[in-house]
Amino acid sequence: METLSIPDLINGIRSGDKRLLGKAITLIESKKPEHRKEAEELLKEIMPFTGSSVRIGITGVPGAGKSTFIESFGKLALEKGKKVAVLAIDPSSSLNKGSILGDKTRMEELAKEQNAFIRPSPTSGFLGGIANATFETLLVCEAAGYDFILIETVGVGQSEVLVADITDVFVFLKIIGGGDELQGIKRGIMEMVDVIFINKVEDENQIKAKNTKVELMRALHFLPSKEKSWKVPVVLGSALNKKGLAEVYEKIDEFIQLKIRNETFEAVRKHQAEKRFEYWVQEYILQVTKQEKSLEKYYKHHKKNASDLKSNPSTEAKIFVEKLLKK
Ligand code: GDP
């Protein structure tokens, strides 16, 4: 196997070498402690070159047209001279079943473009871990000069919450009817979303699409606004026929500009970073525990006490952490 130093990887990333970018991401996704050490080194070095992309989350049920949308939207961004990276958070891939997002050949045309980079979801680990690895992948893509980072997920489980935790703007792709406007509302997507795109609007279903829009606007009206002075726009269009995408592009831009004016753009990113810090504190405590044999023994002991259902898990965790601190 090819051995590359961290400086080699960084030079590769900075010079736009997609193969080395891919290798850096593989390093980030690795669970091995020695790889993690290298990943930390890499991330530390690239930090000064990060932060300048627009981070866009995209969700919608399977079949809503996410890949088609990303392909068309991505091409539009390329035409405007931007570089586009596409990442995915797929809750199914963390359950070791087939993946919902990754098992078909996706975005083939976009993938061929020099200024586009597509990376499927990491396939192992738990969802929270996958989201954190995806965020670090996003940072590496920023260091590689990508202007837009699109993060795709499906409307399943906690994945939207995790995507919202690492992005600046959240786009919800919807199809007409199917009762899924209600599902969206129930699952709380409507409270997280910043831009809605009703997809597959073509000649024959214009009226239905307009009705769906009215219903959505009514539902949105009753929700507290997430961003001051922002009314969530509902754009009608067709990802396949490239209709409505320019409007989504404009709305995203307007939203980002508003966040900058409202001084929430950076504030939200800071808050997101705090959440990730908390995640990593827990993660590293577990890692240290597993590396130190004596600690691991205690860890297993208290975990077993909890799993025997005789003792309260939080009490067992507290006793364990107190032992950890004494070490
Ligand atoms: P995903 O599962 O959300 O990624 O959805 P896909 O992008 O794979 O699209 C699912 C199906 O819907 C595919 O057969 C697409 O060709 C089709 N599709 C996507 N966008 C449109 C659209 O705007 N109009 C029509 N008629 N079909 C579309």
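Points worth noting:
- Spans of helices (runs of 4 or more DSSP H) in the stretch 13-94 with at least 1 residues in contact (Cβ under 8 Å) with a residue 12 or more places away in the chain, touching a Leu at 6+ places or on another chain (Cβ under 7 Å) and of a type in the set (Phe, Trp, Tyr): 66-79
- Of all residues in the stretch 283-327, those satisfying the criterion of being surrounded by 11 or more Cβ atoms within 10 Å (Cβ to Cβ), among the hydroxyl-bearing types (Ser, Thr, Tyr) and part of a helix (DSSP H, G or I) are Tyr284, Thr289, Tyr298, Tyr299, Ser307, Thr315.
- Only a single item in (1) free of Cβ contacts under 8 Å to residues at least 60 places away in the same chain; (2) within 23 Å of Ser72 (Cα to Cα); (3) touching a helix residue (DSSP H, G or I) at 6+ places or on another chain (Cβ under 7 Å) is not met by Leu245, and it is number (1).
- Verdict on Lys243 being surrounded by 13 or more Cβ atoms within 10 Å (Cβ to Cβ) and closer than 30 Å to Lys213 by Cβ: yes
- None of Ser238, Ser225 is assigned by TED's automatic domain parsing to the domain that holds Leu258 and surrounded by 15 or more Cβ atoms within 10 Å (Cβ to Cβ) except Ser238.
- Residue list for the stretch 131-145, restricted to those being over 15 Å from Ala164 (Cβ atoms) and of a type in the set (Val, Ile, Thr): Thr137, Val140
- Check on Glu38, within 16 Å of the ligand (Cβ to nearest atom) and modelled with pLDDT under 95: no
- Hey, Asn312 farther than 30 Å from Arg55 by Cβ and modelled with pLDDT of 90 or more or not: yes
- For the stretch 59-101, the set of residues classified as basic (Lys, Arg), modelled with pLDDT under 95 and away from the ligand (no atom under 16 Å from the Cβ) consists of Lys97 only.
- Sole residue being outside the structural domain of Lys82 (by TED's automatic domain parsing), modelled with pLDDT under 90, more than 25 Å from Arg269 (Cβ to Cβ) and of a type in the set (S, T, N, Q), chosen from Ser15, Ser30, Ser5: Ser30
The values are calculated or read from the model by the stated rules, or taken from the named source; none is laboratory data. Note that the structure is predicted; figures quoted are calculated from it, not measured. So basically every Cβ, Gly included, is an ideal-geometry build from the backbone, and we count neighbours across all protein chains shown.
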